[in-house]
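Quick notes on the structure that follows.
The values are calculated or read from the model by the stated rules, or taken from the named source; none is laboratory data. Nothing here was measured: the structure is a model prediction, and the numbers come from that model. Heads up, the Cβs are rebuilt from the backbone with ideal geometry, glycines too, and the neighbour counts pull from every protein chain shown.
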2 protein chains.
Amino acid sequence: MTELKQMGERALAAKYILAALSREKKDQALYAAAKALQENCQEILKENEKDLEEGRKNGMHPGMLDRLALNEKRIDAMAEGLCQIAQLEDPIGEIMETFTRPNGLVISKRRVPMGVVGIIYESRPNVTADAFGLCFKTGNAVILKGGKDALHSNAVIEKVLREALASEGITPDAISLIKDTDRSVTNAFMRMNGYVDVLIPRGGAGLIRAVVENATVPVIETGTGNCHIFVDEDADLTKAVNIIMNAKTQRISVCNACESLVVHDKIKEKLMPALAEALRTKNVEIRADERIMSILDGCIPATEEDFGKEYLDYILSVKTVDSVKEAIAHINKYNTGHSDAIITENEAHAQEFLNGVDSACVYVNASTRFTDGFEFGFGAEIGISTQKLHARGPMGLKELTTYKYTIRGNGQIRG
Amino acid sequence: MTELKQMGERALAAKYILAALSREKKDQALYAAAKALQENCQEILKENEKDLEEGRKNGMHPGMLDRLALNEKRIDAMAEGLCQIAQLEDPIGEIMETFTRPNGLVISKRRVPMGVVGIIYESRPNVTADAFGLCFKTGNAVILKGGKDALHSNAVIEKVLREALASEGITPDAISLIKDTDRSVTNAFMRMNGYVDVLIPRGGAGLIRAVVENATVPVIETGTGNCHIFVDEDADLTKAVNIIMNAKTQRISVCNACESLVVHDKIKEKLMPALAEALRTKNVEIRADERIMSILDGCIPATEEDFGKEYLDYILSVKTVDSVKEAIAHINKYNTGHSDAIITENEAHAQEFLNGVDSACVYVNASTRFTDGFEFGFGAEIGISTQKLHARGPMGLKELTTYKYTIRGNGQIRG
């Protein structure tokens, strides 16, 4: 625990230095870090192999092993990620607003780093480099807590990045990795008020819940997505089928995949047979309510629990409604505030849906899969916020910043 | 606890209605609420008297009794507050940004209410009306948990406001007051994820800490202020004395009052005698470090603890430093991220201070007492945020909102 506190002290000292770095200096360090990853490729792979060996020994699921595995191409991609971040605009120092008060005080709202960002993540080791790059570009120090499964990989990446920073004359404490895998250390990390300004968990629903439950440091909840698509009575059926197929099956394990379909009663008989046939080609299981069951063979009855579930699998729940209003109410009840879509050619219905659905991203006639920092044109992404405080939806560089007011006077006092 | 959950369900239902109200409808209801407070003045005073009687019986401190007491003038002021909020611009619905992606998706960032705002506050009953007004104007439902000491007063104000809303055809669940004073209910309130979108504690350091420690709902920390004034070697001494006197003594019990003075060694002998004399006229106790003690009689030696303390009293700690850099480091170590000022005629020093001090509001040559929603021209204030997430410094109407992305396509799917 003393070690964690010392890490906190060092990050605290580093944040003041990082906040003052010029864009040029930061970009130069990012390029140096990218080069260092490539130059140390063999050492990184050697350490990664230790994690993989451990994983195989412990019977890790092949999908998980794949997420954990690095190779030259993946290390190049990590390096390329850092170079791309270097090319992005630096948001720090932007004057967001300036106003003069009647008493002559000149108040400016200036964009500044958060300070120390904490990130808790699961087994993909590329997050180590990626999260460092985004935090560093925005003048933040980052403290990382990766999964136990990827400890060797994360540690060597941290070491390479720290050395690269030092060789550029920048404090290596811009990045620190917590290597103690004891749960009590993780819990203490979540309660480092005064050291950590914001905590961003990246991972599955269980991880997010644990952080929300235990943290006293401000948290940005990310990435749990029970995304809905509502097919309105006035939908274009071709669009509907294409969008649903894309949102459900293009990549099943991601938070912006569609998990639940809501269908207007008046269109169910036109839509469902064609859709079910398309879904069958991808082996998608349909869990439907009674009204759908009555017109479609081969479905499984949906339970209440199905409507609230993020499957991350080839499964789709289907609910029938009689109006846009009922669709909105159903979605607001079961969604996770991530992304929901309406398929309709009716402008009034589209407006009603955009106004009524309470989620970060509300779509008309497009796939929910577009909820993504790159697809939004932010050039980067640290996560998808599903809370309302601070940031909502895809979080890029700006979302890793805050502001401060600077106020200039000439002796003003309050009357 | 079932009662609390039911209150949550009603607020949840109300938030969708409130989010859709026009500015006109909201302003009309605010005027009606103001009128109702004045019309029910006698009933409110009668209930307030019950709280005061209880307070006197329990030996409540006279200052606290004064904060608790209502009279016709104070009720008029509450009503006037609601009318003023009605006159402010409605931030809801503002399109903050719109951009078109290469694939034709049109993405708009639209300002929307938070949803359900929770507020936990101490004994001033005017907060009940005030917090309702700010949340209502921004389309939020509010759930209030006031202090036990003010229960009768808060309950009658809530009743009057709910009746006024109902008479305007608006759901009274726009405001709910938790009347169960059991601590377990307050704790459950702090953990109403899925019902409450943000929790704002308003009160002393103990209350804020309890909320930060216990809440799982996102919190905005407010109002703990250990504000510093640094008198640089190049300060104008008249400005310095005036500003320090104002910040320390104009109102001692507020979060933007000055608690700690940092003095450049080279100016201490010119500044301190004149300042000490002025402070003596207001009976301000000086707790100073050794270097100040050696040149000034009648001080008390400052301990380490003094530098970190929010006195809210006629006490001022004084620390000597040898440079702007050392002043910044001292302030960043001991401040609460609220407001800090430099007094200097040296532009380079001013810049260094503005850049280096990590607080919500950083001043040059002005009193820290200006950190206030009204003084900043926001027209209202729900609190002063001392955290970096979401909002920093004075929070007005905009800070009670979030945004959502609306995305319009014509069949786009992700490749």
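Under the condition of being within 11 Å of chain A (Cβ to nearest Cβ) and over 24 Å from A:Ala391 (Cβ atoms), the residues counted in segment B:103-125 number 1. You will find that of B:Ala14, B:Ala33, B:Ala19, the residue that is more than 14 Å from every other protein chain (Cβ to nearest Cβ) and within 27 Å of the chain's Cα centre (by Cα) is B:Ala33 and no other.
For segment B:79-126, a residue qualifies if it is hydrophobic (A, V, I, L, M, F, W, C) and without any contact (Cβ under 8 Å) to a residue 40 or more places away in the chain, and the qualifying residues are B:Ile95, B:Phe99. When B:Lys325 is tested against (1) charged (D, E, K, R); (2) within 11 Å of chain A (Cβ to nearest Cβ); (3) touching a Lys or Arg at 6+ places or on another chain (Cβ under 8 Å), just one condition goes unmet, and that condition is (3).
For segment B:237-261, a residue qualifies if it is crowded, with 16+ Cβ neighbours inside 10 Å, away from chain A (no Cβ under 13 Å) and not aliphatic (A, V, I, L, M), and the qualifying residues are B:Cys255, B:Glu259, B:Ser260.
Close Cβ contacts (under 8 Å, 6 or more residues apart or on different chains) running from residues in segment B:182-193 that are within 14 Å of another protein chain (Cβ to nearest Cβ) and under 10 Å from B:Ala215 (Cβ atoms) to residues that are among the hydrophobic types (A, V, I, L, M, F, W, C) and part of a helix (DSSP H, G or I) comprise B:Met190/B:Val211; B:Met192/B:Leu4; B:Asn193/A:Val212. Listed here are the strands (runs of 3 or more DSSP E) enclosed by segment A:342-415 that have at least 3 residues being buried (at least 21 other Cβ atoms within 10 Å of the Cβ) and either within 10 Å of chain B (Cβ to nearest Cβ) or of a type in the set (Ser, Thr, Tyr) (or both): A:361-366, A:401-412.
Of the strands (runs of 3 or more DSSP E) lying entirely inside segment A:163-245, the ones with 1 or more residues being in contact with a Phe, Trp or Tyr (Cβ under 9 Å, 6 or more places away or on another chain) and not β-branched (Val, Ile, Thr) are found at A:198-202, A:227-231.
A residue that is away from chain B (no Cβ under 14 Å), under 27 Å from A:Met64 (Cβ atoms) and either of a type outside the set (Gly, Ala, Ser) or free of Cβ contacts under 8 Å to residues at least 24 places away in the same chain (or both) cannot be found anywhere in segment A:262-275. Residues that are at pLDDT 95 or above and either of a type in the set (Lys, Arg) or farther than 30 Å from A:Glu94 by Cα (or both) number at least 2 in the following helices (runs of 4 or more DSSP H) confined to segment A:22-84: A:23-39, A:41-57. In segment B:309-318 there is at least one residue that is more than 11 Å from chain A (Cβ to nearest Cβ), surrounded by 23 or more Cβ atoms within 10 Å (Cβ to Cβ) and small (Gly, Ala, Ser).
Within segment B:279-288, if we keep just the residues that are surrounded by fewer than 16 Cβ atoms within 10 Å (Cβ to Cβ) and in a helix (DSSP H, G or I), the residue that is nearest to the other protein chains (Cβ to nearest Cβ) turns out to be B:Thr281.
When segment A:130-178 is filtered for residues that are small (Gly, Ala, Ser), out of contact with any strand residue (DSSP E or B) (no Cβ under 9 Å at 6 or more places or on another chain) and closer than 19 Å to A:Gly396 by Cβ, only A:Gly133 remains. Of the candidates B:Ile244, B:Ile178, the single residue that is hydrophobic (A, V, I, L, M, F, W, C) and either touching a Pro at 6+ places or on another chain (Cβ under 7 Å) or not assigned by TED's automatic domain parsing to the domain that holds B:Ile119 (or both) is B:Ile244. Being out of contact with any Pro (no Cβ under 6 Å at 6 or more places or on another chain), within 27 Å of A:Val196 (Cα to Cα) and either outside the structural domain of B:Phe132 (by TED's automatic domain parsing) or among the aromatic types (Phe, Trp, Tyr) (or both) is a description that applies to B:Phe353. Filtering A:Thr138, A:Thr222 for residues that are at pLDDT below 95, surrounded by 22 or more Cβ atoms within 10 Å (Cβ to Cβ) and within 29 Å of A:Leu21 (Cβ to Cβ) leaves a single hit, A:Thr222.
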